[in-house]
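Below you'll find the structure, written out as structure tokens, and then a few comments.
The values are calculated or read from the model by the stated rules, or taken from the named source; none is laboratory data. Since the structure is predicted, the reported quantities are computational estimates derived from the model, not experimental observations. Counting neighbours? That spans all protein chains shown, and the Cβs are built from the backbone with ideal geometry, glycine included.
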Amino acid sequence: MNTIFLYNFSGLALFAIGLHGLIRSSHLLRKILAANLMSSGVFLIMIVGAYGTDKGMIDPVPHAMVLTGIVVSVSATAVALALVCLVQETTNRVLLLQKRKKEQGRRTDA
Amino acid sequence: MPDTAFWAVCLVVVPLFFAIICFVRSALVSILGPLAAWLNAIAALGMTVSFVHSGPVRYAIGGWQVPLGINFRIDGLSVLLIAMTAVTGLSVSMYASGYFSLRIGPAREQGRHQHQRAYFWPLWLLLWAALHGLFLSADLFNIYVTLEITGLSAVLLTSLSGKAAARLAAMRYLLVSLLGSCSYLFGVALLYRCYGILDMAVLARLVSPAPLMWVSLALLTTGLVLKTALFPLHFWLPPAHANALAPVSAILSGLVVKASLYLILRLWGDVFAQVLPLAAYLLPGALGCGAVLWGAVQALLQKRLKMLIAYSTVAQLGYMFIALPLIRLDHGSSAWEAVIFLIMSHACAKSAMFMAAGSIFLKAGHDRINDLDGIKEVLPVTSFAFVVAGVSLMGFPPSGAFIGKWLLLGVSLASGQWWWGIMLVIGSLLAAGYVYRVACHLLVFKAPFYARRQFIPPVMEWSALLLAVLAMLLGLFAGYPLGLLEAGSPFPGHACLEVMP
Amino acid sequence: MNWGGLLLVMIMLSSLVPGLIIFALPEKSVRPRTFLNLGSAVFKLLLILVMIIGIYQGRHFAVRWQLLPGIELALSSDPLAALFSTLSTVLWLLTTLYAVGYLEQSPNRRQFFGYFSICVTVTVGIALAGNLITFLLFYELLTLTTYPLVTHRGTREALAAGRVYLAYTLSGGAVLLVAVAWLQMLAGPVDFGGPPAAASVAAEHKAQLIVIFFLFIAGLGVKAALVPLHGWLPRAMVAPAPVSALLHAVAVVKAGVFGIIRVVHDVYGIQYAAGLHLLLPLSILASLSIIYGSLCAMRADDLKKRLAYSTVSQLSYIVLGVSVAGPLAAMGGLVHLVHQGLMKITLFFCAGNLAETLGVHRISEMNGIARRMPLTMAAFSVGALGMIGFPPMAGFVSKWYLGMGALAADRMWVVAVLAVSTVLNAAYFLPILIKAWFRPQDCPWSEQGAVDDRLETRWMLLVPPVVTAFLVVAVGLLANAQISPLAWVKMIVGREYGP
Amino acid sequence: MTSVMSFFDIMLVLALPWLGWRLLASPDLFRAVVLFISLGLLMSLTWVRLHAPDVALAEAAIGAGLTGALFLSALRRLERMQDSERRLDYAEKREEERQAPPARRRRSKPIAYGLALLLLVFFLVLLGWSLVKTSVSPGGLGPAVTGQMGQTGVQSQVTAVLLNFRGYDTLLEVMVLFLAALGSWSLTRIRQPLPEEVAAPVLASLVRLLVPLMIIVAGYLVWIGSSRAGGAFQGGAVLGAAGVLLLLADVTVVRQIPSALLRWALVLGPLLFLLSAIACMWIGGNLLEYPRQSAGAWILLIESATAVSIGVTLAALYAGGRPLEPSALEEAGEVASESGGDEGEGE
């Protein structure tokens, strides 16, 4: 099998890990990181799809789509981070669910 | 005479332009915002009229035809949804202009309310433009971008209220929205890899049952269902819709959930309809039944008016999913028509309810349902609007929802799968239950009602009533929307009028 | 739209528009409101008269409005529609007059009269409905518009009654919706007045037709207060007297019964329904309601409650008449639609007068009351005797035809039911009359509403029952006249059964 | 050569998910963010390997660089807030412990979690299998793009897709960025520099040297974008990075830019893009249909304006909120807005 093809599975794994993290982790910041991982995985699969066997046969459309995707995802991340700070400010909570005890145990503050 | 395509472009360009201007000249929002709303409505009217004359249109943006470029597809379905958006959006805008001017009036917390108004308008106009873009676009990836704008601006509008609960709800909404878009994008990526095309109409002809197609459809649907808040993925919706500012709630419940719902209908009812077996439709149908029951039961249990309305949205969305198997079963187009009536009627009625609830909140200072006895004496028009909207939500004749339920009932009985129809009837009765819970307090006569000394501008009361009455009378004029639908039919059964390159 | 269609629309609008205007008028403008109410009622009556004259001359009025292919709103004027719409319009005029008097001084009249006017619109809409969908539309709307009237007082009791009322009627409406949709799926759009739609359905769907029929009866039976579904009616008597009069005599229960008549006559057709063996269960159900209603009425001490149970019983006469499947019985049933309305509204007016003037609600307080309020009690007596079936009152005519019809159809047990019911009627009405006329007063009355020295109560409260009592006697005495309800009913039945 | 490449591929393929897993599993958020940035760089390397240089540039600048900076700044802000609220926290924790959910729910959780995980794994296996099974549409739209390149006015295929074939997407994408800036302004005020952030003079002088250079690089990237890798987004990202550096070094000029000017700079790109889209219709074409002869010039104009706005937007996103308005009213509102809703404000 073509080694390039393996990147598909890398993307798939990133998507899965991100999905797992998004649902599973309780700290909002980590959830947002996970969402970013998910989209990275999708981007990877898109770009691998565009990679032709010949050098000249590269489909530029997915590249453009991924560029758009990256910008969209940074925008969403920025909004999400601003919102996290706000949530923390008003509710003194960084966790959506009532799981802060466990999470605080894991957090090592500098 | 400008043609359909010109108006379609206006529908996207005008709100975008005004959103930018509203941001730069934030002192003028109170003039610019309503102006943009009127222009939007005019453009929608213009498009509808010219659509009636000239039929469905494809418009190549940048002059690039499919498959290279992005096309607008203007057919009956999109025109109807845009008309719905225009009517609801205009009413909400009028309401919002009254709402913010009222709240800015008293000196207390003036800065805060000015801040809310200054950001409400650009965000709402961006959202509006994205909705138009979504309804018009024929390109799956372009729709991803519009979905993303819709989701982000909806989240930001939700958090505008500044309340802690609203911010938490917005956070949850944002995460769900991100997950949904990511899943949708994944689906689009796989479809593109499979067929090398992004245009929905072309895709509809190319699709063939293949493993990758199944997976991508699952991904697309999961993403969209998350954004539509179908039971059991509805958990984010009630807090977000209930804690936002009143005009924002009206927008979210009336319009925003319809965007992803529209896409699901497009995909399941049109693009993939040829390859999907009937059994695949049972899942959304069953989930729809769950939504109808669960949403209604939760609505019955709520103590706060806005939470009740929000849960009613969950329940009402269930109907549209129950319609999916019926669309498949139906050989004519009446199930399609039914869904569209349900969507339009729900948009008007639900927005009207949230608007009325907002006025009630401002006047009473709370929205505890049990303490609203006698509010009719101080807010007669608003109470009436709420009751009328509720009645049309119940599917009483001659509301648009009645037409929808009637047609679906007919289809379900004719197809032999009568249980969908029975579910609709049960859902209507449950809806009657939760509407009654509010209406019995709104209608009862009890003087005097303790109200704040808050003046509610007539525009807030009457815009809600207008929408409610519209939802109620939609059924009487059902022929007109249907004429539009038949002119540009998205139905597999009818001749496809797509203009292909 | 032809002028005939315009007439029907005018009939509808003549009370809808005043209703909306009343909502817009301020609470304090009593005079314009009263004028509008009575004026529109009279105007409507005139329009109905024009329609009746038109029908006599053999015209047919109709107007249609297509919502969708297969969903059409249609108003049309067949004789049955004219019968019901005339009844409601006449009684409405009187009830409006009565309500104006009854509600003097009470708060929130704007809402009351607003809904009142819209309610008459909807009832006439039910009468004039030209197909099943239109009927369904108005039938459902009737539920909505009567709810605020039932709960008008806003007391805890009234709200509870309203809740029960809504629960019953909305469920009934839902069942009816299913039935209508199902039938329409089998038979296409169902118009009234043409050949019965069900007969055109293919033979293999007969089983479905039977199920649909019972769904219809279940849906309509709620409003018609057939026995297992009658629970809302006795509770709804907490409403103000004019509303009770309206619920019991004209609007709600009559809408249900009228629907059953429509289903049996126009949707299934008597012959076809009899062929499916649907009518026998219906008449058994009706007989049960008659007996059960009377028995319950005997136990009730509250006057309005007794009248309410009496309604349960009397309404089923109509259903019984329709379901016996013979021209004579059908005449009896249909004419009872009018007669029961006249008698029952008289009784409720009188009960309202007693409550409003003297604060008397219970039968045990009524000893000697006829000496204090002779005119009211005279009217009451006419109504009660009519209910029992004394000649020459209206009730006698209906019962006579019902009995004859049962004999003609060879159903002896129906005659027996009628006999038992008459005895029971007498058993619960005669004691009231005896107490009122022949016993001395034994408990104090509050005299709260006595304002006029010359009359026993306000004239607006007195005129309507006297007029209706007069009508009760008149339609009985003049049953053979050319323009009596009986003559009209004969015409209807003649068309149904052929010459 | 091939075997070396294969080895390289396999290393990358394994490293990406491993890093992803590490970063989510890391108990320390700071470490997680650093790992995220390195993952971004690795992604960028992957893009190069997959012959996507445009994406690689954007990923390095935006995906790794700016997103990482955003995360770091948010993290610091959160930690500062937590430090100041430690005591309050403690009381709340006690409260929460008292209202802890019943134990039954906790026990049922692993089962539900296991089921969900199983479902996820099943779906992924299905996905992977279908990826292997399904024949891929060869080349996608590549040939179509190559065929029409002559009419686009640019030489780079990606730029042609971005700004010409699918220019409408890009227009909306610029709107997304605008929306993000609008949104973060609607949410919060600008972040005040923290005491520990006040930069050393060395950094300040370095920044003074670096920023002009970055501006030149950005300009070059926009210019070169028409023929090779680069373009508005990459250039804008470099500009944004320059802005971030200026903010980091706390150059006072940056914080003193008048708000109105800032607003105009933010909307310059979107507005110009939108107006040129409309202008295309005015000239007689469809929306965004540039005249064929001067398409290159149009694209360059749009790209330059967009790059400026992207740079400003990214820097503004990093700054994290709206600038302080001079008016006192706004100031009064801030307090209320930041402190959350009061009881009368339940809406």
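Quick notes on this one:
- In the range B:95-107, the count of residues that are of a type in the set (Ser, Thr, Tyr), assigned to a helix (DSSP H, G or I) and within 25 Å of D:ARG263 (Cα to Cα) is one or more.
- Note on the range B:288-306: among residues that are surrounded by 21 or more Cβ atoms within 10 Å (Cβ to Cβ) and of a type outside the set (Lys, Arg), the one that is farthest from B:LEU226 (Cα to Cα) is B:LEU305.
- Only one of the numbered conditions (1) crowded, with 19+ Cβ neighbours inside 10 Å; (2) under 21 Å from D:LEU179 (Cβ atoms) is not met by B:VAL24, and that is (1).
- Apart from one condition, C:GLY130 fits all of (1) touching a residue at least 60 places away in the same chain (Cβ under 8 Å); (2) farther than 16 Å from C:ALA239 by Cα; (3) touching a helix residue (DSSP H, G or I) at 6+ places or on another chain (Cβ under 6 Å); the exception is (3).
- Taking the numbered list (1) farther than 16 Å from C:HIS339 by Cβ; (2) within 23 Å of the chain's Cα centre (by Cα); (3) of a type in the set (Gly, Ala, Ser) in turn, C:GLY389 passes all entries but (1).
- Close Cβ contacts (under 6 Å, 6 or more residues apart or on different chains) running from residues in the range C:24-36 that are within 14 Å of C:THR96 (Cα to Cα) to residues that are among the β-branched types (Val, Ile, Thr) and at pLDDT 85 or above comprise C:ARG33/C:ILE22; C:THR34/C:VAL100.
- Test: residue in the range C:96-103 that is under 16 Å from the mean Cα position of the chain (by Cα) and within 14 Å of chain B (Cβ to nearest Cβ): no
- Test: A:SER75 is more than 8 Å from chain D (Cβ to nearest Cβ) and under 15 Å from the mean Cα position of the chain (by Cα): no
- Taken over the range D:10-35, the criterion of being of a type in the set (D, E, K, R) and in a helix (DSSP H, G or I) is satisfied by D:ARG22, D:ARG31.
- Residues being more than 11 Å from every other protein chain (Cβ to nearest Cβ) and either more than 25 Å from C:LEU67 (Cα to Cα) or crowded, with 22+ Cβ neighbours inside 10 Å (or both) - total across the range C:173-190: 1
- Residue match in the range D:36-48 (condition: over 19 Å from the mean Cα position of the chain (by Cα), in a helix (DSSP H, G or I) and at pLDDT 90 or above): yes
- Within the range B:156-194, restricting attention to residues that are at the interface with chain D (Cβ under 9 Å from one of its Cβ atoms) and without any contact (Cβ under 8 Å) to a residue 24 or more places away in the chain, the residue that is farthest from B:LEU219 (Cα to Cα) is B:ALA164.
A quick yes/no check of all residues on (1) within 17 Å of the chain's Cα centre (by Cα); (2) within 17 Å of A:SER75 (Cα to Cα); (3) modelled with pLDDT under 90; (4) crowded, with 22+ Cβ neighbours inside 10 Å:
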| position | (1), (2), (3), (4) |
| --- | --- |
| B:PHE100 | no, no, yes, yes |
| B:ARG108 | no, no, yes, no |
| B:HIS115 | no, no, yes, yes |
| B:TRP121 | no, no, no, yes |
| B:THR146 | yes, yes, no, yes |
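- Filtered by the rule that a residue be surrounded by fewer than 19 Cβ atoms within 10 Å (Cβ to Cβ) and assigned to a helix (DSSP H, G or I), the range C:191-203 gives C:ALA199, C:SER200, C:ALA203.
- Screening the range D:204-294 for helices (runs of 4 or more DSSP H) wholly inside it with 1 or more residues that are β-branched (Val, Ile, Thr) and surrounded by fewer than 16 Cβ atoms within 10 Å (Cβ to Cβ) returns the ranges D:252-255, D:259-283.
- Residues in the range B:18-37 that are among the hydrophobic types (A, V, I, L, M, F, W, C) and under 14 Å from B:TRP124 (Cβ atoms): B:PHE18, B:ALA19, B:ILE20, B:ILE21, B:CYS22, B:PHE23, B:VAL29, B:LEU32, B:LEU35, B:ALA36, B:ALA37.
- Long-range neighbours under 7 Å by Cβ, at least six apart or interchain, first residue touching a residue at least 12 places away in the same chain (Cβ under 8 Å) and within 12 Å of chain B (Cβ to nearest Cβ) within the range C:107-118, second crowded, with 23+ Cβ neighbours inside 10 Å and outside any helix (DSSP H, G or I): C:PHE112/C:HIS152
- Against the numbered list (1) at pLDDT below 90; (2) under 19 Å from D:ASN286 (Cβ atoms); (3) under 25 Å from the mean Cα position of the chain (by Cα), D:VAL161 comes up short only at (1).
- Residue in the range B:37-52 that is in contact with a helix residue (DSSP H, G or I) (Cβ under 9 Å, 6 or more places away or on another chain) and not in a helix (DSSP H, G or I) present: no
- Failed condition for B:SER153, given (1) farther than 16 Å from B:LEU224 by Cβ; (2) more than 8 Å from every other protein chain (Cβ to nearest Cβ): (2)
- Verdict on B:ALA218 being at the interface with chain D (Cβ under 9 Å from one of its Cβ atoms), modelled with pLDDT of 90 or more, surrounded by fewer than 24 Cβ atoms within 10 Å (Cβ to Cβ) and out of contact with any Phe, Trp or Tyr (no Cβ under 6 Å at 6 or more places or on another chain): yes
- Residue pairs meeting the criteria (Cβ under 7 Å; at least 6 apart or on separate chains; first more than 8 Å from chain C (Cβ to nearest Cβ), in the range B:387-403; second in a loop (DSSP other than H, G, I, E, B)): B:SER392/B:SER399; B:ALA401/B:GLY395; B:PHE402/B:GLY395; B:PHE402/B:PHE396
- Within the range B:109-158, the set of residues being closer than 13 Å to D:TYR168 by Cβ and of a type in the set (Gly, Ala, Ser) comprises B:ALA129, B:ALA130, B:GLY133, B:SER137, B:ALA138.
- Test: A:GLY41 is more than 7 Å from every other protein chain (Cβ to nearest Cβ) and within 15 Å of D:THR46 (Cβ to Cβ): yes
- You will find that of B:ALA291, B:ALA352, the residue that is in a helix (DSSP H, G or I) and closer than 30 Å to C:ARG110 by Cβ is B:ALA352 and no other.
- Filter result for D:ILE302 (within 14 Å of chain B (Cβ to nearest Cβ), in a helix (DSSP H, G or I) and without any contact (Cβ under 8 Å) to a residue 60 or more places away in the chain): no
- Residue within the range B:136-154 that is closer than 14 Å to B:ALA244 by Cα and either in a helix (DSSP H, G or I) or out of contact with any helix residue (DSSP H, G or I) (no Cβ under 7 Å at 6 or more places or on another chain) (or both) present: yes
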